[in-house]
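Reading through the structure tokens given below for one structure.
The values are calculated or read from the model by the stated rules, or taken from the named source; none is laboratory data. Computed from a predicted structure; not experimentally measured. Don't worry about glycine lacking a Cβ; one is built from the backbone with ideal geometry, like all the others, and counts go over all protein chains shown. These accessible areas exclude ligands, DNA and RNA; they are computed on the full protein's heavy atoms, side chains included. Shrake-Rupley method; radii C 1.70, N 1.55, O 1.52, S 1.80 Å.
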Amino acid sequence: MNHLIVYAHPNPESFNYAILNTTVASLEEQGHHVVVRDLYKLNFNPILSGQDFETFQKGETPADIKAEQEYITNADVVTFVYPIWWTGLPAVLKGYVDRVFAYGYAYAYGEDGTMQRLLSGKKGFMINTHGTPKEVYDEIGMTQSLKQTSDTGIFEFVGIEPVGHLLFGGVPQVDDAARKEMLVEVQQTVKELF
């Protein structure tokens, strides 16, 4: 399978980077082809501008958006790896979704007003970290809310089938042994899903 991993963390020594490396290694060990789009390394422009809209209205796509759309088009599986900041996506990833999952590419409305999910046939997987302990997010409903806004609100909205979502809480407070257990869970989950 062709896997696209969209990665959003600015620190190359972060735990998210360890998750990324574990995911890539686990997929490649199984013979999958993996492409990583590191949004910070790419210096991806997250701002959906008026000029973007003007270009879309002319029936064209800005070059940087078109390049990312081609990666998605070629992928069987799209995986997002990112930290939860302020109960949501980092700005660079939110901007990626805003710009790349564009109307007419990722979704559209038919003449009768019905929704067309233009990325159907692909699978989606998410891996997140957050500083709040997992039990707290579970108890207040935040874990379910995060899954709903990303799995349903992003992936399902455009036709991508969510097949898994790992959320690791309390990451800055736990010890290295706990983080190693989390990486083992990433490895095992990837092997089970793909």
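A few notes on this one:
- Under 5 Å, built H, 5+ apart or other chain: amide partners of Leu167: Asn128
- A cut-off of 5 Å between modelled amide H atoms, ignoring neighbours fewer than 5 places along the same chain, links Glu161 with Gly121, Lys122, Lys123, Gly124.
- Over the C-alpha trace of the stretch 55-154, radius of gyration and Dmax come out as 15.7, 49 angstrom.
- Semi-axis lengths, largest first, of the ellipsoid equivalent to the stretch 100-169 are 29, 12, 9 Å, with √(5λ) applied to each eigenvalue of the Cα gyration tensor.
- Phi angles across the stretch 114-126 convert, under the Karplus curve 6.51 cos²θ - 1.76 cosθ + 1.60 with θ = phi - 60°, into 3J(HN,Hα) values of 6, 6, 10, 8, 7, 10, 4, x, 9, 10, x, 9, 10 Hz, Gly and Pro given as x.
- Entry comment: accessible area of the stretch 118-178 is 47 Å² per residue, from protein heavy atoms only and a probe of 1.4 Å.
- Among the GluC sites (Glu not before Pro) found in the stretch 8-62, those both in a DSSP coil and sparsely packed, with 12 or fewer other Cβ atoms within 10 Å of their Cβ, are Glu13, Glu60.
- Taking the inverse of the mean reciprocal distance over all distinct Cα pairs, the Kirkwood hydrodynamic radius of the stretch 69-118 comes to 12.7 Å.
- Span-like helix check, the chain: qualifying full DSSP H segments, with Cα axial length of 15 Å or more and mean Kyte-Doolittle of 0.0 or more, are 15-29.
- Averaging the sequence gap over all C-alpha pairs within less than 8 Å and six or more residues apart, then dividing by the number of residues, gives the chain a relative contact order of 24 percent.
- For the chain, the percent of C-alpha pairs falling in each 5 Å distance bin, counted from 0 to the bin holding the largest distance, reads 1, 7, 16, 19, 20, 17, 10, 6, 3, 1, 0, 0.
- DSSP bridge pairs, the chain: antiparallel proportion in percent, nearest 5: 15
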